[in-house]
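Reading through the C-alpha cells given below for one structure.
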Amino acid sequence: AAPILFVSAALYSQNEALVSVALNVLGNYATDFFKGQRGTDNVRLDIVVEKAKNKSCKKISYEGPVGRFKDLADVVREVMNE
C-alpha cells in the first residue's frame, strides 16, 4: 500500500498538472519497487481530494496495476468539478 496522497483545492487550482506529476512519481516508484518480483504489480493507493466549492473532502481508493495511475488524474479532475 502506498501512502495517502492529499490534493488540496489550492494546489489543484494553481496547477492541475501537479496532480499528474505526483501520480507519475508514485507510479515510477512503485514500478521500481516491484521490479524483479513475480506475481503482482498491483498497488493500493488512497487519494483525498479537497473540493474547491465547499472545502469538503472526498476519498478515492484505487487498487490495480501501477500502469493505470495516469488515469487517476482524470478521476481527481472529476471529483474537483462535482
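The values are calculated or read from the model by the stated rules, or taken from the named source; none is laboratory data. As the structure is a computational prediction, the values presented were derived from the model and not from experiment. Cβ sites come from the backbone with ideal geometry, for glycine too, and all protein chains shown count toward neighbours. What goes into the accessible areas is simple: the full protein's heavy atoms, side chains included, and nothing from ligands, DNA or RNA. Shrake-Rupley method; radii C 1.70, N 1.55, O 1.52, S 1.80 Å.
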In degrees, nearest 10, range 0 to 90: what is the angle between the Cα axis of helix 17-34 and the longest Cα principal axis of the chain? 20 degrees
Which residues in segment 49-76 place their backbone N less than 15 Å from a point set 7 Å from the Cα of SER13 along the Cα-to-Cβ direction? 50-57
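Report Rg(Cα)/(2.2 N^0.38 Å) for the chain, keeping two decimals.
Working: Rg = 13.2 Å, N = 82, 2.2 N^0.38 = 11.7 Å.
After normalising by residue count via 2.2 N^0.38 Å, the value is 1.13.
Run the dipole for the chain about the Cα centre, Lys and Arg Cβ at +1, Asp and Glu Cβ at -1, nothing else charged, and hand back the magnitude in debye, nearest 20. Display every interim value, and only then the final one.
Numbers: 11 positive and 10 negative charges, 25 e Å.
Result for the chain is approximately 120 debye, rounded to the nearest 20.
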Given ASN24, GLY64, PRO3, which one lies farthest toward the positive end of the charge dipole of the chain, if we put +1 on the Cβ of every Lys and Arg and -1 on the Cβ of every Asp and Glu? PRO3
Degrees, to the nearest 10: 69-80 long Cα axis against longest axis of the chain: 20 degrees
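In segment 5-60, what chymotrypsin sites (Phe, Trp or Tyr not before Pro) fall in a loop by DSSP, with at most 12 other Cβ atoms inside 10 Å?
Details: sites: PHE6, TYR12, TYR29, PHE33, PHE34; in loops: none.
Passing sites in segment 5-60 do not exist.
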On the accessible surface of the chain, probed at 1.4 Å with all protein chains in place, carbon and sulfur together account for a percent value of 52 percent
Per principal axis, descending, Cα span of segment 39-82 in whole Å: 43, 14, 9
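Provide the gained length on full extension for the span ASP71 to VAL21, in nm with one decimal, where the gain is 0.36 nm per separating residue minus the Cα-Cα distance. Kindly include the intermediate steps, with their values, before the conclusion.
On the way: separation 50, 0.36 × 50 = 18.00 nm, distance 1.22 nm.
Between ASP71 and VAL21, full extension yields an extra 16.8 nm.
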Please list GLU16, GLU63 from largest to smallest accessible area, probe radius 1.4 Å, with all protein chains kept in place. GLU63, GLU16
Give a quick list of trypsin sites (Lys or Arg not before Pro) in the chain that DSSP marks as loop, anything other than H, G, I, E or B, with at most 14 other Cβ atoms within 10 Å. LYS35, ARG38, LYS53, LYS55
